[in-house]
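First comes the structure, then the notes that go with it.
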Amino acid sequence: MRLLTTRGLALALLLPAGAAADRLTPPPIGSDVPDIQATSVQGEPFSLRAATAGHKAVVLVFLSTVCPYANSFAGHIREMAETYGPKGVLFVGLYSNGWESREEAAAHGREHGFAFPIVKDEGHVIADAIGATRTPEAFVVDASGRLRYRGRVMSKQESPELKRALEAVLEGKPVRTPVTKAFGCAIGGS
């Protein structure tokens, strides 16, 4: 398993920056996000439509077991989920890299204390549908199923873009900066 992790990290860091971006077109801000249906690694069904109907917002956050950027923000993501969960926000962790198994995604989620649903995105179908290219990368979908924010979780300078987007959505206001550049490892692998 250590060899797989090392190989996965090498692949994530060696993929050209535009490799994933060349094949994806994210939905425009304000547009309806396609329904996502999957089974979480916890064995529970997940539907984006059902989740948005029952929450004020849903944060789809693309993660990786091997990406140092995603791992460095894992604690921050967990804390945000704990803070915003009681306010009606559901976080969902998506693992789209081909070299990461369901079991590795589940173990990674447990290791970082993620209490939210974890989904293994087989064949990066969900990432392709929503235009995700990096880990970590977040997408905020409001209760009506519209994309309100996409981009980084937080910058190196600790600018809290995701937090600001969630606050705006919860207050019924426009997101001031709805698109930011996500920094991290490319989603890849088959």
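Every number in this text was worked out from the coordinates using simple rules, so none of it is lab data. Since the structure is predicted, the reported quantities are computational estimates derived from the model, not experimental observations. Backbone-built Cβ (ideal geometry, glycine too); neighbour counts: all protein chains shown.
Where a Cα-Cα gap under 12 Å defines reach, which aspartates and glutamates qualify for LYS181, not counting those fewer than 8 residues away within the same chain? In chain and number order, the partners are GLU137, GLU161.
As a test, work out the antiparallel percent of DSSP beta bridges whose residues both lie in the chain, rounded to the nearest 5.
Details: 16 of 27 bridges.
So the antiparallel bridges in the chain amount to around 60 percent.
Can you put LYS163, LYS87 in order of Cβ neighbours within 10 angstrom, beginning with the fewest?
Working: LYS163 15, LYS87 12.
Placing the least packed residue first, the sequence is LYS87, LYS163.
P(r) tail for the range 55-109, what percent of Cα pairs lie past 17 Å? Before the final figure, lay out the partial values.
Working: 574 of 1485 pairs.
Every Cα pair in the range 55-109 considered, those over 17 Å come to 39 percent.
Look at the dipole of the range 2-186 built from charges on Cβ: of PRO27, ALA165, GLY123, the Cα furthest out on the positive end belongs to ALA165.
The mean sequence distance of close C-alpha pairs (under 8 Å, at least 6 residues apart), as a share of the length of the range 2-186, puts its relative contact order at 28 percent.
Within straight-line reach of LYS56, meaning a Cα separation under 21 Å, sit the following lysines at least 8 residues removed in sequence or on another chain: LYS87, LYS163, LYS173.
When a footprinting reagent is the concern and you count Cβ atoms within 10 Å, what order do LYS120, LYS56, LYS173 take, fewest first?
Working: LYS120 21, LYS56 16, LYS173 9.
Placing the least packed residue first, the sequence is LYS173, LYS56, LYS120.
Distance from the Cα centre of the range 151-190 to that of the range 54-80, in angstrom? Taking the Cα centre of the range 54-80 as reference, the centre of the range 151-190 is 11 Å away. PHE46 sits among other residues whose Cβ lies under 15 Å from its own Cβ, and their net charge, with Lys and Arg +1 and Asp and Glu -1, is -1.
Sorting check: for 58-66, 46-54, which peptide has the highest mean count of neighbouring beta carbons within 10 Å, and how do the rest follow?
Top to bottom by mean Cβ count within 10 Å: 58-66, 46-54.
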